[in-house]
Amino acid sequence: MPLSRGASSTHNMAGAKKGIQTSALHRARPDTETPWRLNCASHSGRLGSMRALVKQKKGPGHLALVDVPTPEPGEGEVQIAIRAAGICGTDIHIVHDTFPYVPPVILGHEFCGEISAVGSGVDELKAGERVMAETTATLCGTCPFCLSGDTNRCAARTAYGVHVNGGFAEHVVVRKDAVHRLPPGVDFHAGAATEPLAVCVHALLERTQVTPGQLVLILGPGPIGLFAALVAKAHGAVVVVAGTARDAERLKLADTIGVARAIEVESTDLAGEIKTLAPETGGADITVEAAGAAASVAAAYACTRKGGTIVQLGLFEGAVQVDYSQIAVRELNVIGSFAHIWSSFDTALRLMDDGTIDVAPLISAVLPLDEGLEAFARAEAGADAKILLAPS
Ligand SMILES: [Zn+2]
Ligand SMILES: [Zn+2]
């Protein structure tokens, strides 16, 4: 695969899906508990140790800041000295044992830093380069999805910080083909936000295409909802963000990034407000469900115009009831969007590099890795957008 990492900022979306070169890929690990030595120190040439935030075993809790062996890069791998890594809702789900993962595992899938060492067979990347890495740790490399670049659909896909050690540590080792260079206009804090921004790029610019003047309703002002608002706004949409009373602080944040309306649904008739904003069609052109809540799904169906699009980004803890007839009668397009592909990262980096999107207002705090447990508690409290951890 051509390692045109420097071209990150010039790739356009259309032609940028990447095929996968099988030789460079790890074998996918089975979804079973794995001894720490396999998970962490498989390349233990010169064993130092480092601080890391580890989900130690199955069950709620079991998150600990511990010393673990520093991983060394093997063939086709690079070691990154972490500069910043974002706490995500997925990390919190893993701590609560409500998202599949393989313990013991260093959490953190939204990270960036500087390359600190490269393994054999890595000529394209050098120590000292500023980079971030995709979440995808392993792929089969041979399925139709891998071959077409739709790597988020590969059945063998595993993720850093979920199945394989991630970035809440001083160092992480990743496959070289997961690495994107940070363009000059993207600092380490923005670099750590590349992954959630890529999720929203995939949803709003790849799975569907937001265009200027559209009314875009975002249900759920969590970090992903707020990043989605940035993407939609940057592409000329009129953006409405909706949340519950519990989301009050995040709705204020939505206001500060300049959305048209930030609406608290418990005290406001959301569908009525949307109709006021779109008197001719009566609904949003695109609705992004980013809350993963049954009431939010109902709102999505009530607030999207005929012929409009619902993008399902949120994940639910169980099945939800949907009035499916509406999809037919109102000719709705219901589109699922999951994670990201190579081009999503390229586009996210370009949008930050050229100033189209400024993620800084959504980075609420940068805390030392040593305060990781407190940072998780704060992230869970839900008043902030993105909290980053940085090794000292
Ligand atoms: Zn995430
Ligand atoms: Zn595959």
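Can you give me the ranges of the helices (runs of 4 or more DSSP H) entirely in segment 299-392 with at least 2 residues that are outside the structural domain of A284 (by TED's automatic domain parsing) and of a type outside the set (A, V, I, L, M, F, W, C)? Explain how you work it out, then say what you get.
On the way: elements: 325-329, 342-353, 372-381.
Of the helices (runs of 4 or more DSSP H) lying wholly inside segment 299-392, those with at least 2 residues that are outside the structural domain of A284 (by TED's automatic domain parsing) and of a type outside the set (A, V, I, L, M, F, W, C) span 342-353, 372-381.
Conditions (1) touching a Cys at 6+ places or on another chain (Cβ under 6 Å); (2) farther than 29 Å from Q56 by Cβ; (3) within 16 Å of ligand 1 (Cβ to nearest atom), marked per residue:
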| position | (1), (2), (3) |
| --- | --- |
| G121 | no, yes, no |
| M132 | yes, no, yes |
| A137 | no, no, yes |
| C146 | yes, yes, no |
| E170 | no, no, no |
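Would you say A234 is surrounded by fewer than 24 Cβ atoms within 10 Å (Cβ to Cβ), on the phi < 0 side of the Ramachandran plot, among the small types (G, A, S) and more than 16 Å from ligand 1 (Cβ to nearest atom)? Yes: the conditions hold for A234.
Taking segment 150-175 as the range and being more than 7 Å from ligand 2 (Cβ to nearest atom) and aliphatic (A, V, I, L, M) as the test, the residues that pass are A159, V162, V164, A169, V172, V173, V174.
Quick one: which of A245, A192 is touching a strand residue (DSSP E or B) at 6+ places or on another chain (Cβ under 7 Å) and surrounded by fewer than 23 Cβ atoms within 10 Å (Cβ to Cβ)? First the steps, then the outcome.
Numbers: A192 fails: surrounded by fewer than 23 Cβ atoms within 10 Å (Cβ to Cβ).
Within the list A245, A192, the selection yields A245.
Of all the criteria given as (1) charged (D, E, K, R); (2) more than 24 Å from the chain's Cα centre (by Cα); (3) at positive phi, the one not satisfied by D97 is (2). For first residues located in segment 377-392 and on the phi < 0 side of the Ramachandran plot, partners that are of a type in the set (K, R) and lie 6+ apart or on another chain with Cβ distances below 7 Å form the pairs D384/R378; A385/R250; I387/R378; A390/R83; P391/R51. Scanning segment 51-91 for residues that are away from ligand 1 (no atom under 16 Å from the Cβ), farther than 24 Å from D177 by Cβ and among the charged types (D, E, K, R) returns R51, K57, K58, D67.
Looking for something under 23 Å from H235 (Cβ atoms), more than 16 Å from ligand 2 (Cβ to nearest atom) and β-branched (V, I, T) - is there at least one such residue anywhere in segment 186-197? Yes - at least one qualifying residue is present in segment 186-197.
Among the residues of segment 109-149, those identified as within 16 Å of ligand 2 (Cβ to nearest atom), crowded, with 19+ Cβ neighbours inside 10 Å, under 25 Å from P183 (Cβ atoms) and not hydrophobic (A, V, I, L, M, F, W, C) are E134, T135, T136.
Of all the residues in segment 214-228, those that are part of a strand (DSSP E or B) and either surrounded by fewer than 24 Cβ atoms within 10 Å (Cβ to Cβ) or not assigned by TED's automatic domain parsing to the domain that holds T304 (or both) number 1.
The values are calculated or read from the model by the stated rules, or taken from the named source; none is laboratory data. None of the values given here were measured: they were computed from a predicted structure. Every residue, glycine as well, gets a Cβ built from its backbone with ideal geometry; the counts of neighbours run over all protein chains shown.
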